[in-house]
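Reading through the C-alpha cells given below for one structure.
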Amino acid sequence: MTSTTGTTGTPGTYAPKPGAAPLPRMIAAQAALETKMLLRNGEQLLLTVVIPTLLLVLFSAVDIVDTGEGKAVDFLTPGVLALAVMSTAFTGQAIATGFERRYGVLKRLAASPLPRWGLMTAKTLSVLVTEVLQIALLTAIAFALGWSPHGNPFAVLLLLVLGTAAFSGLGLLMAGTLKAEATLAAANLVFLLLLVGGGVIVPLDKFPGAVESALGLLPISALSDGLRDVLQDGAAMPWADLGILAVWSVVGLGAAGRFFRWE
Amino acid sequence: MGTESVVQAVGLVKRYGKKTAVDGLDLDVRAGAVTAVLGPNGAGKTTTIETCEGYRRPDAGEVRVLGLDPVRQAAALRPRIGVMLQSGGVYSGARADEMLRHVAKLHAHPLDVDALIERLGLDSCGRTTYRRLSGGQQQRLALAMAVVGRPDLVFLDEPTAGLDPQARRATWSLVRDLRADGVSVILTTHHMDEAEELADDVAVIDAGKVIAQGSPDELCRGGAENTLRFTGRPGLDVASLLKALPPDSAAAELTPGAYRVSGTVDPQLLATVTSWCAQHGVMPDRISVERHTLEDVFLELTGKELRS
C-alpha cells in the first residue's frame with residue numbers, strides 16, 4: 001500500500017471522455033465474463049458436467065434401471081442431454097443470477113452503459129456456449145459407449161432451443177423473486193426431483209398412469225421424451241413435446257419479465 | 001442553477017411504503033466541484049444519490065443529472081456517470097483486474113487499466129477472487145470501477161468507509177486529481193474531516209431534506225460562535241477590551257486570570273486582542289483559538305441523539 005499513497009497522475013489523465021462501447025462488443029464481453037465465472041465455479045461444474053457425465057457412464061455400464069428394449073446408452077443419452085440443458089439453463093443460471101442479485105452485481109451493471117436487455121442477451125449466450133460444450137462432451141462419451149442416434153438434427157436443435165428458453169425463464173423467475181439462499185436450495189431440490197421424476201434416467205412408464213400423465217407435462221419430461229422420440233426412435237417432429245416446451249417458455253419468460261426484481 | 005449544475009433536484013420525494021426517505025429535497029450541485037453529502041444514518045443520503053443514479057423513481061419532484069432525467073433518459077446518462085455503490089457490485093468469483101478490465105470494455109474511451117490498478121494498489125490483489133479480498137481492496141476496486149469509464153460525474157457512496165489511513169489518503173488524492181481534470185464528484189461520508197479536507201461544497205441532509213449547504217468554511221463560520229482564550233493577570237479591564245473588539249464580540253473573565261473572547265474569530269480579531277494586551281502591558285499566556293469544526297456544526301444542525 002505504501003507505494004500508492006499520494007501518487008498523482010499526469011494532469012489530464014482523468015479528463016472526461018465518456019461513451020458507451022459498441023453494443024456487440026459490450027454483449028460479447030459480458031457473455032465471455034459470465035461464461036468464465038460459470039466455468040470457474042466448482043459447484044456449477046458439478047451440476048453441469050460431473051453429474052450428467054457420471055449418470056451417463058454409470059447407468060450405461062451397470063444395469064440398475066430397466067431402460068426398456070435396446071441399448072441402455074440409446075435410452076440414457078437423450079435423457080442426459082435434457083438434464084444437461086436443465087442444469088445450465090435452469091439450476092446454474094438461477095443460482096448464479098440469484099447471487100449476482102444479492103451481491104449487487106446486477107445493480108452495478110444496471111448503472112453501466114450495458115442495457116438490461118443486453119445483459120440478458122449476454123446471459124443467454126453464456127448459457128448457449130456452456131450447453132455446446134456440455135453436448136460436445138456428453139455426445140463424445142455416448143459415442144464411445146456405443147450410442148447410435150437417429151432422427152432429424154433440426155428437430156433436436158429445436159427441442160434444445162425451446163428447452164433452454166423454458167428453463168431459462170423458470171430459472172430467472174426464481175432468481176429474480178426469491179432470496180439467494182432460497183434460490184440455491186430450491187434450484188438444487190428441483191434439479192434432484194426432476195432428475196428422478198422427469199424421465200431422465202427412469203422411464204416415465206415406471207410411474208402409475210395418472211402420475212405419469214402429470215409428470216409428462218413437466219418441461220424436463222417434454223425435453224427428454226422429445227429427444228428420445230427423435231434420437232432413439234427416429235421420430236420426425238415431436239410436436240406434442242415441442243408444444244409443451246413452447247407453453248413453458250412463454251409462461252416462464254413472461255413471468256420472469258413481469259416479476260424479476262433487480263435488487 | 002443553469003448549465004453550471006450537474007445535479008438539480010427540486011422537491012424530491014421518495015417513499016418506501018409508509019416511510020418517507022426523502023421529503024421534498026432541493027439540491028443543486030455545481031459542475032467541476034467535489035460535493036460532500038453529509039447526514040446521520042437514515043437521513044436519506046443514499047436514497048438521494050440512488051435517485052440521481054436512476055435506481056429510484058421519485059414519487060414527486062424533479063431531478064436532472066447532467067440535464068437528463070435519470071430514469072427516462074437512462075441510456076444517455078449511464079455512460080456519462082461513474083457509480084460506486086456502498087458495497088458489492090462484483091462477481092464473487094471474479095479477480096479485481098478481471099472485473100475492472102470488464103467494466104473498461106463497456107466504455108468507449110476507458111482509462112489505462114494497468115495505470116489505474118497501480119495507482120490504487122490493486123496489483124496487491126493478485127489472482128485473489130473478489131469474495132476473498134480485504135474490505136479495503138474491495139472498496140478500492142469499486143472506486144476504480146466508478147472512474148475507469150472517464151465519466152463527467154462520479155457518485156461515490158461512502159468511498160472511504162472501513163479504509164486504513166493510507167488507503168483513505170490514496171482515495172482522497174484520486175478525488176483531487178479527478179476534480180483537477182474537470183470531473184464533478186459527489187460523495188457521501190460520515191467522516192467530517194474527509195468533507196473538510198476534500199469538499200468544495202457540503203450539503204447536510206437530515207430527515208430527507210437539505211438543511212444546510214455551502215463550503216465547509218461558510219458552514220463553520222455561520223451558526224455557532226468561535227472562541228479565543230488567553231490567561232493574564234487577574235482583574236483586567238474587560239470593558240475596555242470589549243470596546244476594542246468588533247460589535248458582535250463578547251469578552252469575559254471566566255475565573256480570575258482566565259479570559260474568553262467570543263465572536264467571529266479571524267486573524268483581525270486575534271491581532272486586536274494581542275495589541276490591546278500590548279497596550280495594557282499584559283502577556284497573554286496560553287492564547288488559543290477554538291474554531292468550530294464541521295463536526296461541531298454538523299452535530300448542532302442534526303442534534304446529538306443516536307439515529308437508527
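The values are calculated or read from the model by the stated rules, or taken from the named source; none is laboratory data. All values reported here derive from a predicted model rather than from experimental measurement. Using ideal geometry, Cβ is built from the backbone for each residue, glycine included, and neighbour counts are taken over all protein chains shown.
For this structure, a couple of remarks:
- Meeting the requirement of 3 or more residues that are within 18 Å of the chain's Cα centre (by Cα) and modelled with pLDDT of 95 or more, the helices (runs of 4 or more DSSP H) wholly within the stretch A:186-263 are A:219-231, A:239-259.
- Unique match (being outside any loop (DSSP other than H, G, I, E, B), farther than 30 Å from B:ALA108 by Cβ and of a type outside the set (Asp, Glu)) among A:THR130, A:THR97, A:THR121, A:THR164: A:THR164
- Test: residue in the stretch A:83-94 that is within 27 Å of B:VAL148 (Cα to Cα) and either facing another protein chain (nearest Cβ under 10 Å) or assigned to a helix (DSSP H, G or I) (or both): no
- Residues that are hydrophobic (A, V, I, L, M, F, W, C), part of a loop (DSSP other than H, G, I, E, B) and farther than 19 Å from B:THR160 by Cβ, drawn from the stretch B:107-128: B:ALA108, B:LEU111
- Test result for A:LEU204, under 17 Å from A:ALA89 (Cα atoms), surrounded by 16 or more Cβ atoms within 10 Å (Cβ to Cβ), among the hydrophobic types (A, V, I, L, M, F, W, C) and in contact with a Leu (Cβ under 9 Å, 6 or more places away or on another chain): no
- Residue, farthest from B:SER134 (Cα to Cα), within the stretch B:162-171, restricted to residues that are crowded, with 17+ Cβ neighbours inside 10 Å and more than 9 Å from every other protein chain (Cβ to nearest Cβ): B:THR171
- Evaluated against (1) assigned to a helix (DSSP H, G or I); (2) in contact (Cβ under 8 Å) with a residue 40 or more places away in the chain; (3) more than 30 Å from B:ALA21 (Cβ to Cβ), B:ALA271 falls short on exactly one condition, (2).
- Flag for B:VAL71 being without any contact (Cβ under 8 Å) to a residue 40 or more places away in the chain and not in a helix (DSSP H, G or I): yes
- Taking the stretch B:53-74 as the range and being within 11 Å of chain A (Cβ to nearest Cβ) and closer than 20 Å to B:ASP201 by Cα as the test, the residues that pass are B:GLU53, B:LEU66.
- When the stretch A:46-82 is limited to residues that are in contact (Cβ under 8 Å) with a residue 12 or more places away in the chain and outside any helix (DSSP H, G or I), the one that is surrounded by the most Cβ atoms within 10 Å (Cβ to Cβ) turns out to be A:THR67.
- Counting only residues that are at the interface with chain A (Cβ under 7 Å from one of its Cβ atoms) and either touching a strand residue (DSSP E or B) at 6+ places or on another chain (Cβ under 7 Å) or crowded, with 22+ Cβ neighbours inside 10 Å (or both), the stretch B:106-146 holds 5 of them.
- Among the residues of the stretch A:101-118, just one is farther than 20 Å from A:PHE259 by Cβ and more than 8 Å from chain B (Cβ to nearest Cβ), namely A:GLY118.
- Counted residues, the stretch B:75-96 - those being at pLDDT 95 or above, more than 7 Å from every other protein chain (Cβ to nearest Cβ) and out of contact with any Leu (no Cβ under 8 Å at 6 or more places or on another chain): 1
- All conditions but one from (1) over 17 Å from A:PRO203 (Cβ atoms); (2) among the charged types (D, E, K, R); (3) in contact with a Leu (Cβ under 9 Å, 6 or more places away or on another chain) apply to A:ARG102; the one that does not is (3).
- Residue that is assigned to a strand (DSSP E or B) and at positive phi, where the choices are B:ARG286, B:ARG229, B:ARG260: B:ARG286
- Of all residues in the stretch B:129-151 being closer than 22 Å to B:GLN86 by Cβ and outside any helix (DSSP H, G or I), the one that is farthest from the chain's Cα centre (by Cα): B:THR129
- Number of the condition not met by B:GLY32 [criteria: (1) outside any loop (DSSP other than H, G, I, E, B); (2) touching a residue at least 24 places away in the same chain (Cβ under 8 Å)]: (1)
- Within the option set A:THR67, A:THR53, being more than 21 Å from B:ASP97 (Cα to Cα), more than 7 Å from every other protein chain (Cβ to nearest Cβ) and at pLDDT 95 or above holds for one residue only, A:THR53.
- Within the stretch B:232-243, the set of residues being touching a residue at least 24 places away in the same chain (Cβ under 8 Å) and either in a loop (DSSP other than H, G, I, E, B) or exposed (fewer than 14 other Cβ atoms within 10 Å of the Cβ) (or both) comprises B:GLY232, B:ARG233, B:LEU236, B:ASP237, B:SER240.
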